[in-house]
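> Shown below is the structure under consideration.
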Amino acid sequence: MNSARYAVVGNPIAHSKSPAIHAAFARQTGHDLTYERLLAPLDGFRATVDAFRAAGGQGVNVTLPFKLEAFAYAVRRSERATAAGAINALRFDAVGVFGDNTDGAGLVRDLEANLGVDLRGAEVLLLGAGGAARGVMLPLLGAGVGRLIIANRTVERAEQLAARFTHDGRVGASSFDTVPGAFDIVINATSATLGGEVPPLAPSVYAHCVLAYEMMYGQGETPFLRTAREAGSARQADGLGMLVEQAAESFLLWRGVRPDTAPVLRLLRDAA
Ligand code: ATR
């Protein structure tokens with residue numbers, strides 16, 4: 001029998017670590033599968049995925065800039081994908097394409113299982129109100145955080161995102177310079193790091209911070225992580241663990257087993 005085929009679709013895609021992660025998961029679990037990179041033209045997401053499916057593909061991960069198009073591509077969606085409004089994992093079922101968003105679950109697992117953070121009752125500040133922030137809202141709330149404040153450069157976008165969760169009394173919105181109080185965990189879901197910038201927060205925000213978390217990975221100590229450390233944050237982490245955990249959650253969606261992520265995360269950290 002042929003190996004089951006999976007892929008990650010994006011543009012650009014050359015530097016994706018997902019093939020190495022899934023190859024390690026396949027070795028570990030004894031599953032016979034291949035996982036490739038698919039570069040889709042910016043106007044060709046649907047055609048690329050259609051072709052992969054027609055060639056026998058069983059599922060794909062989806063990365064920038066196609067997570068919204070993947071949402072439209074799916075005919076059935078998980079609750080967390082619906083809440084995120086974006087999809088990073090598609091499974092090609094006989095009854096139609098099922099879409100999921102494993103990013104938020106990946107973040108929560110990295111925080112709890114890898115970094116040992118207790119999210120129950122934690123005061124969390126989420127920086128950013130774009131797709132990356134939206135994708136992690138429901139899983140953070142589901143993990144039992146005590147307060148979840150979204151702070152964004154454009155405060156209206158933070159307010160709009162918070163408004164989707166008004167039924168949940170724990171959610172609020174803020175601008176960077178009016179962030180209310182101090183937080184246990186500060187998560188940077190902005191793309192400020194790409195431009196070497198850092199959201200301008202008062203140092204007091206980090207006064208009893210146990211963890212500053214940068215969703216991007218592989219950039220060493222970013223301006224955000226340095227600022228947080230200097231302002232008193234006890235620990236800093238980047239998003240490599242989130243990457244491996246969202247991959248494990250995708251593997252579970254496709255293959256019905258959750259791989260052990262610790263050795264794979266160690267492998268990637270050693271290679272960095
Ligand atoms: P993504 O899907 O990666 O979240 P996005 O939807 O373009 O991408 O959102 C980018 C986020 O980073 C936004 O919250 C953006 O703030 P605005 O809504 O005000 O644009 C934030 N961002 C980008 N560059 C930033 C910077 N230099 N400083 C602070 N926030 C920044």
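> Considering all alpha-carbon pairs of the chain, what whole percent are spaced by more than 34 angstrom?
Result for the distance tail: 18 percent.
> How big is the range 122-187 in terms of Cα radius of gyration and Dmax, in angstroms?
Gyration radius and largest Cα-Cα distance of the range 122-187: 10.4, 28 Å.
> Determine the dipole magnitude for the chain: charges of +1 sit on the beta-carbon of Lys and Arg, -1 on that of Asp and Glu, nothing else is charged, the reference point is the Cα centre, and the result goes in debye to the nearest 20.
It comes to approximately 460 debye.
> If you average the alpha carbon positions of the range 68-131 and of the range 218-272, how far apart do those two centres end up, in angstrom?
With the range 68-131 and the range 218-272 each reduced to a Cα centre, they are spaced 16 Å.
> Next question, about the same structure. Using a 1.4 Å probe over the heavy atoms of the protein chains, calculate the carbon and sulfur portion of the accessible area of the range 169-263 as a whole percent.
Ligands and nucleic acids excluded, carbon and sulfur give 53 percent.
> Of the peptides 141-147, 28-34, 64-70, how do they stack up when ordered by the mean number of other Cβ atoms within 10 Å, highest first?
64-70, 141-147, 28-34
> Find the accessible area per residue for the range 116-234; the probe is 1.4 Å, ligands and nucleic acids are left out, and the unit is Å².
Value for the range 116-234: 43 Å² per residue.
> Pop a pseudo-label 7 angstrom from the Cα along the beta-carbon direction at both Asp260 and Leu68 and give the gap in nm to one decimal.
4.2 nm
> How do 235-245, 207-217 rank on mean C-beta neighbours within 10 Å, highest first?
Peptide ranking by packing, descending: 235-245, 207-217.
> Taking the C-alpha atoms of the range 116-234, how large are the radius of gyration and the largest Cα-Cα span, Dmax, in Å?
Cα radius of gyration and Dmax of the range 116-234 are 13.0, 38 Å respectively.
> Further, regarding this structure: Taking every pair of alpha-carbon atoms in the range 1-137, what share in percent sits in each 5 Å bin, from 0 to the bin with the longest distance?
Going out from 0 Å in 5 Å bins, the range 1-137 shows 2, 10, 17, 20, 21, 15, 9, 5, 2, 0, 0 percent.
> Further question on the same structure: Rolling a 1.4 angstrom probe over the protein chains, ignoring ligands and nucleic acids, what is the accessible area of Leu115 in square angstrom, nearest 10?
Only protein atoms counted, so the area is about 30 Å².
> Run the helix sum for the chain: -39,500 (n - 2.57) per DSSP H stretch of 4+ residues, divided by residue count, reported at 222 nm to the nearest 500 deg cm²/dmol.
Calculated at 222 nm, the ellipticity per residue is -10500 deg cm²/dmol.
> Highest mean first, how do 120-129, 99-108 rank when packing is the count of other Cβ atoms within 10 Å averaged over residues?
Going from most to least packed, we get 99-108, 120-129.
The values are calculated or read from the model by the stated rules, or taken from the named source; none is laboratory data. Just so you know, these numbers come straight off a predicted model, no measurement behind them. Cβ atoms come from the backbone with ideal geometry, glycine included; neighbour counts cover every protein chain shown. Please note that ligands, DNA and RNA were not included when accessible areas were found on the heavy atoms of the full protein model with its side chains. Shrake-Rupley method; radii C 1.70, N 1.55, O 1.52, S 1.80 Å.
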